[in-house]
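A.B. asks: Can you read through this structure? Questions will come right after.
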Amino acid sequence: MSSRYHEVYGAWQANPLAFWAEAAREIDWIKPPQKIFDPDGGVYGHWFPDATCNTCYNALDRHADNGRADQAALIYDSPVAGSKCVYTYGQLRDEVAVLAAVMQDLGIAKGDRVIVYMPMIPEAAMAMLACARIGAVHSVVFGGFAAKELATRIDDATPKLILTASCGIEPGRIVKYKPLLDAAVELSACKPQNVMLLQRPQEKAQMIAGRDHDWADAMQAAKAAGKAAPCVELAATDPLYILYTSGTTGIPKGVVRDNGGYMVALKWSMHNLYGIAPGETFWTASDVGWVVGHSYIVYGPLLHGATTIVYEGKPVGTPDAGAFWRMIEEYKVSALFTAPTALRAIKKEDPDAKHLARYDIASLRTLFLAGERADPATVEWAEDILHVPVVDHWWQTETGWGIVGNPVGLGLLPVKHGSPTVPMPGYDVRIVDEAAKPVEDGGMGSIVIKLPLPPGCLPTLWKNDERMATSYLSEFPGYYKTADAGYRDADGYLYIMGRTDDIINVAGHRLSTGGMEEVLASHPNVAECAVIGMKDSLKGEAPLGFIVLKAGVDRDPADIEKEIVALVRDKIGPVAAFKTAVVVDRLPKTRSGKILRGTMKKIADHDEWTAPATIDDPAILDEIGRALGRKGV
Ligand code: COA
Ligand code: AMP
């Protein structure tokens, strides 16, 4: 089948407003948009400025009321908890309406922030949808972050309420959420008035009288009293959520998402990018703590009337490397969306895909990958074993949906390994040099997007228009800076090669090395430090810390290295996957004092390197090599 991509992208280029007006017809508005885009609103403009709507209504009620009440909306499958269940659209709407009423009884109203700190259980999705129902702004915090990271988010979002559970379950370990939450509230200046906690059978949390409420009791009482909250009318431009993501410092960026534009973009993507029909099962194996989970575990599939899956497990070890194939067979999954690292984990354990032979995965039409660069070797392996198109696509927390992809619903374009293919309608992607001048095809440069960004992308950072402008819009006037570098080939295919800032990508998780350096520098024995991302065959990259000790510190360096590893886990969390710190005598620097992180990375990666001409003392590079050798790097 030939692809309609060029025709559709051309239609958007010819008349972007008509394109998005047409896409907006897929949404049930309370007041439909008369104006499609207001260039004068917000930092760079606002989509659907005069429309009103409710995202929860579009995700649940309209399906429940229009023939899908008995269709599965959300399937929960947890190999770690040993439980499974299914919520139909009717059941999910009813549960969410009750939860929203419970939140209203706790004083939550439109515009109030609610932090959701929960594992991968159905109640996490219900919490998000209940906020959407009453216009509260949710901010989901990933369970692998430590108390300090949670505290930073509490102080920025200033929530009135936190929704949580007693624990998460990692293979071989129960992650007790309540002590982390209590420690975070202790650390934060903002003290949320209420906490609602779901007690899981694996761990009973201690409750604080007056502040903490039992989730199950509150739901039971509300049901007995016949409570259910209706959907409230919101401006399309009202915030739906804040999602914090790593910035270039230890302070994360609060990416804001609106209601109307996000719905329009996600709905468009479900059919056109992912090729999914309502009623089909779309499984995203990620976590609701990440943008991929927000857009394609919760909102996208439900807005589309598809069936989504909340999977509380891993690709390997729960119980084996056949876990994903079991899920595809059991739930007749049409498309799976995961990160390349998950496939590398499966490949490492089961290179010949022996587990696959035990399952019938005939329902699977497409495998989608995102979150990190899809290395060609992994893509080829997946193609060989699955016999379906393996489609890479590139996006960011900030954009909320695919910037560059291969539009399955419009007809697949030829796949080129190493490229996520072509820009989606809405995105005018350019490759530029430092002076914002276009770079010729084939040449590396900064990847920028011509403003305005399409519906679904961040309108701003939470209560921080200025940081929005300085982080993304000021370096290349008229463009959004993605902070990714790459090139375009003669066929218009884009190649995303790496970040231009200090962000590294560890197992599909976005982490700031600057944030880690702040933690290393806080150790009393550390004079100077540098953190780089070194190549890792499983996780793509792994953080590696170099530390120079203060003069006069007379301790075993191995002890300090261990303390540093523990400190990062304690301050940022296990998700940082920071396992290696190396004490060195000196850090290599330029004559002007800039640390040569790029050269250190090449040494750690065993790539070819030469001493930069500007280096102060080339002998230090050999010292670095020897120190890494001692650590077995
Ligand atoms: N709560 C608490 N801890 C968590 C957690 C959570 N939700 N998620 C991960 N962690 C912990 C892990 O247990 C691990 O702890 P450890 O150091 O004690 O072993 C640590 O954080 C690092 O996690 P991770 O980097 O994910 O490594 P892993 O060895 O546990 O798993 C993979 C490796 C590849 C199996 C896993 O990263 C994976 O499934 N990735 C899929 C990609 C993905 O979901 N990306 C998200 C964006 S699309
Ligand atoms: P996050 O905001 O956590 O989704 O991380 C976004 C970053 O991950 C991007 O800026 C890229 O650096 C990287 N990334 C995501 N998807 C891809 C992809 N398909 N190819 C290459 N890099 C990717």
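A.B. asks: Would any residue of the range 508-528 have its amide N under 16 Å from a label point 7 Å out along Cα→Cβ of Arg555? List them or say none.
C.D. replies: So the set is 519-528.
A.B. asks: Give me the percent relative contact order of the range 507-630, please, defined on Cα pairs under 8 angstrom at least 6 residues apart.
C.D. replies: Answer for the range 507-630 is 22 percent.
A.B. asks: Taking other Cβ within 10 Å of each residue's Cβ, how do Ser363, Ser286 sort, fewest first?
C.D. replies: With the sparsest Cβ surroundings first, the list reads Ser363, Ser286.
A.B. asks: Applying 1/(1 + (r/R0)^6) with R0 = 35 Å to the Cβ-Cβ distance of Asp65 and Asn15, what FRET efficiency is obtained, to the nearest 0.05?
C.D. replies: So, using R0 = 35 Å, E works out to roughly 0.55.
A.B. asks: Another question about this same structure. Which whole-number percentage describes the relative contact order of the chain, with Cα contacts under 8 Å and a sequence gap of 6 or more?
C.D. replies: About 12 percent, as a whole number.
A.B. asks: Cα centroids of the range 169-234 and the range 252-300: how far apart, whole angstrom?
C.D. replies: What the calculation gives is 25 Å, centre to centre.
A.B. asks: Could you please rank Thr590, Thr421, Thr580, placing first whichever residue has the fewest other Cβ atoms within 10 Å of its Cβ?
C.D. replies: Listing Thr590, Thr421, Thr580 from fewest to most nearby Cβ atoms yields Thr590, Thr580, Thr421.
A.B. asks: Please report the relative contact order for the range 370-457, taking Cα pairs under 8 Å with a sequence separation of at least 6, and give it as a percent rounded to a whole number.
C.D. replies: 23 percent
A.B. asks: Here is a follow-up. What's the Cα-based Rg to Rh of the range 53-208, Rh via Kirkwood?
C.D. replies: Expressed as Rg/Rh, it is 0.98.
A.B. asks: In nanometres, what is the gap between the two model label sites at Ala221 and Ser537, each 7 Å from Cα along Cα-to-Cβ?
C.D. replies: 5.6 nm
A.B. asks: Could you name the lysines in cross-link range of Lys267, using Cα to Cα under 19 Å and dropping any fewer than eight places away on the same chain?
C.D. replies: Lys31
A.B. asks: Still on this model: How would you rank Arg173, Arg4, Arg569, Arg133, going from fewest to most other Cβ atoms within 10 Å of each one's own Cβ?
C.D. replies: Arg173, Arg4, Arg569, Arg133
A.B. asks: May I pose another question? Please report the antiparallel percentage of DSSP beta bridges with both residues in the range 97-243, rounded to the nearest 5.
C.D. replies: The antiparallel proportion sits near 25 percent.
A.B. asks: Just the ratio, please: alpha-carbon radius of gyration of the range 507-630 over 2.2 N^0.38 Å, N its number of residues.
C.D. replies: For the range 507-630, the normalised Cα radius of gyration comes out at 1.02.
All of the numbers you see were taken from the coordinates with simple rules; none came from a lab. Keep in mind that what you see is a predicted model, and the values were worked out from it rather than measured. Reconstructed Cβ throughout: ideal geometry from the backbone, glycine too, with neighbour counts over all protein chains shown.
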